[in-house]
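Where a number appears in this text, it was derived from the coordinates with a stated rule and is not lab data. Source: prediction; values computed, not measured. Note that each Cβ is placed from the backbone with ideal geometry, even for glycine, and that neighbours are counted across all protein chains shown.
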Amino acid sequence: QVQLVESGGGLVQPGGSLRLSCAASGITFSNYHMRWHRQAPGKQRERVAAISSTGTTNYADSVKGRFTISRDNAKRTVYLEMNSLKPEDTAVYYCNAGFSLNDFWGQGTQVTVSS
């Protein structure tokens, strides 16, 4: 059974930082491209950051320079370090794993940026 479990969300003030984690089980983690997506109320889900199985990263323009995605294959975990957070970063953040025809999603973790 495949599971992606996100953690690390919460309430943070503008300018603050959070680190999200996504622990995977039931997959050969090192084979998978890992992504973080987010969905704000009333908006479409958007991809925030991605890291390939070989470690290549890319980011949405809205988060470049502020967010960093990384992975630890030994721990089967992907991270999203978020700095200089803005109110517009408020959303539910989802972890996604993709490889070949397989595509799995976590349940999401809420991030709220507010004073």
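Data overview
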read-out	value
³J(HN,Hα), Karplus 6.51/-1.76/1.60, whole Hz, each residue of the range 27-36, x for Gly, Pro	9, 7, 3, 5, 7, 8, 7, 10, 9, 10
Length-normalised contact order of the chain in % [C-alpha pairs under 8 Å, at least 6 apart]	36
Estimated distance in nm for a label pair at VAL2 and SER115, the labels positioned 7 Å out from Cα along Cα-to-Cβ	4.3
Size-normalised alpha-carbon gyration radius of the range 11-72, reference 2.2 N^0.38 Å	1.24
Protection proxy ranking of 99-109, 13-23 - average other beta-carbon atoms within 10 Å, highest first	13-23, 99-109
Options GLN44, PHE29, SER70, ranked by Cα towards positive dipole end of the range 19-83, top entry (Cβ charges)	GLN44
